[in-house]
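Quick one: the structure is below, and I'll ask about it shortly.
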Amino acid sequence: MSGPALLLAVVLAAPASASEASAPDPAPAAADTPGAAETSATPPADAPSPDSTTPDTSATLRSIPAPPGARKTGRGLLIAGGVLTGFGVLGRIALEVYWSTAAQIVPGDPFGRWSVANVALVTNMNNVLFFGTGLGLLTAGARRRGDADAWSGRWRDHRRMRLVGIGLLGGGLGLLALSRALFIPIADACPTNVCAYTTLETTFWIGAGATFAGAAHLAYAVGQQRSGSNVRVRVTPNLAPTFAGLALAGRF
Amino acid sequence: MPELRHALAALALLLAPACADDEVPDDLGTWPEDQVKLVDSPRLAHLAAAIEGGDALTVADLFYTDRVRFTAAADPTDLFAAQVAEHAALPPLAASEQLRVLSYNVGLLNRWYPFTHVGVPRYLERRARQPAELLGAGWDILFLQEAWELVDVDRFAAEAARRGYTIYSGSPRKHEQHGLVIVVREALIGDAPQEFGEVQYAAQREIEKFPGPGIERGYLRWSFTHAPTGRRIHLYDTHFTAFPELWQERDVQARTLGGAAKDHPDDDLVLVGGDLNAGPYYPEDRFGGDDEAVLAGWWKNAMMYPLILHYGGLVDTHSALAPARDVERMGQLLYPFDRAAYLGDPLAGRCAAIPVDTFTGTDCNSIYFEQYAATEYPARLDYVLLRDPGGHARVVASEVVYHEKLDFGAAGAFELSDHYGAAATLQIER
């Protein structure tokens, strides 16, 4: 070749995540294609070739518009998580109805310490079966949705969302943990069953609500942030005796 | 109560592999009482006659299910008569003080556990009335069972304080599990140090505690010096495991309690009050039950009574003045068991004909009927037992009490509990 050759090197700097690596990801530039694999064998663009006569210039960051619908939106996860969480909500409400009717708890009596183990059993059955799995799915879905939204150009203030998420999640989990760890002293201090069960349920709903909202915010923000980092590309001009061109590097 | 049995049976099936235990005491065979041959014991000889190969069995053998094959009902008639004869042989006391003793299952159970509620009907109405009714009746010592909740203990304690009684209910945490309360007239307690004990049996039906309604069976002990006579008195209040199929747990509990009751000087008096959850006599092995199935295995339940007498060296105060009438009253029931007849009318319409002198757990009690209706034998479940090797006490009366319906106003008329009370009046030597 007599003229300067144009080389476009696309380097996959790192896989975005295990889940993403396992998921087919057609965009951009067909990163999972054999061609992409070949290019990954080339030296990283930001590690200049020994032949390079031009020192690495400052990186140029750009956003690349993505083809619509190229990312998984997390819709299935969100629906599944919502359904499971809905079951959890219904189960908890059913438990409260049971406590206030068929269990024949005398409202004005002191809380019975004997029932602590059963309270823990019935509430945690519901929590583990429905709320826990629901939370996991919703969180995964929110993360994926954040990623997909960012990919399709719908950006939100992920830093703020992250802070809000951490605050809500920490507060919710903290309230749940503290109120459960201190439940026996709280119940002992309560003069009546009404007080003890109201405390139990109020802290649950507030704590769970904050935990879910916080986890969703945080996961969405993480999704957006990671997607943001994924679309960072570095375009580096390369000039060598045998070729001249641009090296394009980044995470996709 | 049927719903409790259903729930416990389901839980038992679910948890059986994890909770399996054979209930044979670890130290079985090491006590002299374990090694006695049935035929050589005046308390247990009637069992030998009803068990296959019974002539060769020792007391320890009774704790092994594979060694106990009943071929007939064990008839305690001779045992009842022997206790009367022993008591009659005692010389009269020159000077004595009267002691009125009550054992009463107050039936204040009202608990929930996963997906189930278990409770004795009319809990709210009865709990409000019991302290005044019981502590206003002149009893000196009250052994109460099934006062499960601390709030109910507080009610008894408040009434006790008003009426000159003192009360012991164990520690708050364990009390919620055993539900026992002992009440003693304060004026009877001398200056000598008192001793208190709270024991939970090793033999338990574990699912009663968790995920059941938080029950762990045990006994309370209270030792004090009887001020009017200077006699040391040891009180034991207990509530054995319920349900006929759990006879093994009950028998082991009887051994434990009997051993504790016997561990006192011979000149001291020991009083055991409690709901022992089994009668001395069951004429047929099949009786009661749910739906179509008739419950079998009743004969084994007749072992608890002679076992606790044997291990504790105890006397049944209800069979001291005259032979207890368990055999006669059981004979008045309708046989073979006809579920429809027993469901249609308490004890198949025979309540009026059966004197209230024996059964303390019976469908003739409207609250009991509401819970159990035709599922179990009526029986004498509640006892006042006496240990008095020194011969310092006499039984002067024994009766079944609190069998009348009370007027609860708008709530209706019903008994104070689902059990009747077992009462004894004693004379204590000065």
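Hey, got the average number of other protein chain Cβ atoms within 10 angstrom for residues in A:104-115? The partial results should precede the final answer.
On the way: counts 8, 4, 6, 0, 1, 7, 4, 0, 10, 7, 16, 6.
Per-residue shielding by partner chains comes out at 6.
Rounded to two decimals, what is Rg over Rh for the stretch B:124-202 when you use alpha-carbon atoms and the Kirkwood radius?
Values: Rg = 12.6 Å, Rh = 13.1 Å.
Taking Rh as the inverse mean 1/r over Cα pairs, Rg/Rh reads 0.97.
I've got another one for you. Placing one identical point scatterer on every Cα of the stretch B:169-208 and ignoring solvent, what is log10 I(q)/I(0) from the Debye formula at q = 0.31, 0.32 Å⁻¹?
Treating every Cα as an identical point scatterer, log10 I(q)/I(0) equals -1.17, -1.19.
Helix-only mean residue ellipticity at 222 nm, chain B, DSSP H runs n ≥ 4 weighted -39,500 (n - 2.57), per residue, nearest 500. What is it?
On the way: 11 runs with 111 residues, N = 430.
About -7500 deg cm²/dmol.
Quick check of the Kirkwood formula: for the stretch B:263-348, what is the inverse mean of 1/r over all pairs of different Cα atoms, in Å? Working shown, then result.
Values: mean 1/r = 0.0655 Å⁻¹.
Final number for the Kirkwood radius of the stretch B:263-348 is 15.3 Å.
Students often forget the sequence filter, so: which aspartates and glutamates lie under 15 Å Cα-Cα from B:K37 once same-chain residues fewer than 8 apart are removed?
B:K37 reaches B:E52, B:D55, B:D61.
Continuing with the same structure: Residue by residue through the stretch B:418-429, which ³J(HN,Hα) values in whole Hz follow from phi under the Karplus form 6.51 cos²θ - 1.76 cosθ + 1.60 (θ = phi - 60°), with glycine and proline marked x?
Residue by residue, the stretch B:418-429 yields 7, 10, 8, x, 10, 10, 9, 10, 10, 10, 10, 5 Hz.
Fully extended, how many nm does the chain gain between B:D266 and B:T30 (0.36 nm per residue separation, minus their Cα-Cα distance)? It would help to have the intermediate numbers written out before the result.
Details: separation 236, 0.36 × 236 = 84.96 nm, distance 2.18 nm.
The B:D266-B:T30 span can extend by a further 82.8 nm.
Taking R0 as 25 Å, what FRET efficiency do you get between A:V116 and B:E206 from their Cβ-Cβ distance, rounded to the nearest 0.05?
On the way: r = 17 Å, r/R0 = 0.68.
Taking R0 as 25 Å, the efficiency between A:V116 and B:E206 is 0.90.
For B:Y113, enumerate residues with amide H under 5 Å from its amide H, sequence gap 5+ or separate chain, H modeled in the peptide plane.
Residues meeting the amide H criterion: B:V118.
Count charges around A:P191 for me, please; just the other residues with Cβ under 13 Å from its Cβ, Lys/Arg as +1, Asp/Glu as -1.
Values: positive: none; negative: A:D109, A:D188, B:D154.
So the surrounding residues net to -3.
To two decimal places, what compactness ratio does chain B give when its Cα radius of gyration is scaled by 2.2 N^0.38 Å? It would help to have the intermediate numbers written out before the result.
On the way: Rg = 20.4 Å, N = 430, 2.2 N^0.38 = 22.0 Å.
So the Cα radius of gyration is 0.92 times the expected 2.2 N^0.38 Å.
From the gyration tensor of the Cα coordinates in the stretch B:135-179, what semi-axes in whole Å does the equivalent ellipsoid have, largest first, with each one equal to sqrt(5λ)? Don't skip to the end; give the middle numbers.
Values: eigenvalues 73, 23, 14 Å².
The three semi-axes for the stretch B:135-179 are 19, 11, 8 Å.
Further, regarding this structure: Percent antiparallel among DSSP beta bridges with both residues in chain B, to the nearest 5? Mind dumping the intermediate values first?
On the way: 57 of 70 bridges.
Close to 80 percent.
Right, another one. If you count, for each residue, the other Cβ atoms within 10 Å and average over each peptide, how do B:341-353, A:145-157, B:362-374, B:299-311 line up from highest to lowest?
Values: B:341-353: 15.5, A:145-157: 19.1, B:362-374: 21.5, B:299-311: 25.4.
The most tightly packed comes first, giving B:299-311, B:362-374, A:145-157, B:341-353.
Quick one: Cα convex hull volume of the stretch B:218-295, Å³ per residue?
Here the figure is 115 Å³ per residue.
Once the principal axes of the Cα atoms of the stretch B:85-149 are found, what is the range along each, listed largest first in whole angstroms?
59, 27, 15
A further question on this structure: Using the Karplus curve 6.51 cos²θ - 1.76 cosθ + 1.60 with θ = phi - 60°, work out ³J(HN,Hα) for each residue of the stretch B:151-161 in order, rounded to whole Hz, and write x for Gly and Pro.
Each residue of the stretch B:151-161 in turn: 5, 6, 4, 4, 5, 5, 5, 5, 5, 4, 4 Hz.
Shape verdict for the stretch B:36-138, please, from the Cα gyration tensor: rounded (a/c under 1.5), prolate (a/b greater than b/c) or oblate.
Cα axes put the stretch B:36-138 in the oblate bin.
In whole angstrom, and with the biggest value first, how far do the Cα coordinates of the stretch B:167-283 range along each principal axis?
Cα spread of the stretch B:167-283 along its principal axes, largest to smallest: 44, 36, 21 Å.
Averaged over its residues, how many other protein chain Cβ atoms are within 10 Å of peptide B:110-122's Cβ atoms?
Values: counts 6, 7, 11, 7, 7, 5, 4, 6, 1, 2, 0, 0, 0.
The mean count of partner-chain Cβ atoms within 10 Å per residue comes to 4.
Work out from phi, with θ = phi - 60° and the Karplus expression 6.51 cos²θ - 1.76 cosθ + 1.60, the ³J(HN,Hα) of each residue of the stretch B:293-309, listed in order in whole Hz, and give x for Gly and Pro.
After applying 6.51 cos²θ - 1.76 cosθ + 1.60, I find 7, 8, 6, 10, x, 5, 4, 5, 5, 7, 7, 4, 4, x, 5, 6, 5 Hz.
Over all directions, average the projected area of the Cα convex hull of the stretch A:71-229 and note it in nm².
On the way: hull surface 37.9 nm².
Over all viewing directions, the stretch A:71-229 projects a mean Cα-hull area of 9.5 nm².
Hey, can you grab everything whose amide H is under 5 Å from the amide H of B:A397? Only 5+ residues off in sequence or another chain; H modelled, so Pro and N-termini drop out.
B:T425
Label point 7 Å out from B:R173 along Cα-to-Cβ: which residues of the stretch A:186-213 have amide N under 15 Å?
A:188
Here's another thing I want to ask about it. Between B:S366 and B:D22, what FRET efficiency follows from the Cβ-Cβ distance if R0 is 35 Å, with the result rounded to 0.05? Please report the intermediate quantities before stating the final value.
On the way: r = 39 Å, r/R0 = 1.10.
The value I calculate is 0.35.
Within the stretch B:65-103, report the trypsin sites (Lys or Arg not before Pro) that DSSP leaves as loop and that have at most 14 other Cβ atoms within 10 Å.
Taking the stretch B:65-103 and a limit of 14 other Cβ atoms within 10 Å, the loop trypsin sites (Lys or Arg not before Pro) found are B:R69.
Next question. How many Cβ atoms of partner chains, on average, are near each residue of B:168-175 if near means within 10 Å of its Cβ? The partial results should precede the final answer.
Details: counts 0, 0, 0, 0, 2, 2, 0, 2.
Average neighbour count from other chains, rounded to a whole number: 1.
Still on this structure: Go ahead and run the numbers for FRET between B:A341 and A:T198, Cβ-Cβ distance against an R0 of 41 Å, rounding to 0.05. Numbers along the way, then the final one.
On the way: r = 49 Å, r/R0 = 1.19.
With a Förster radius of 41 Å, E is 0.25.
Values quoted throughout were computed directly from the atomic coordinates according to the rules given, and no laboratory measurement underlies them. The structure displayed is predicted, hence computed values, not measured ones. Heads up, the Cβs are rebuilt from the backbone with ideal geometry, glycines too, and the neighbour counts pull from every protein chain shown.
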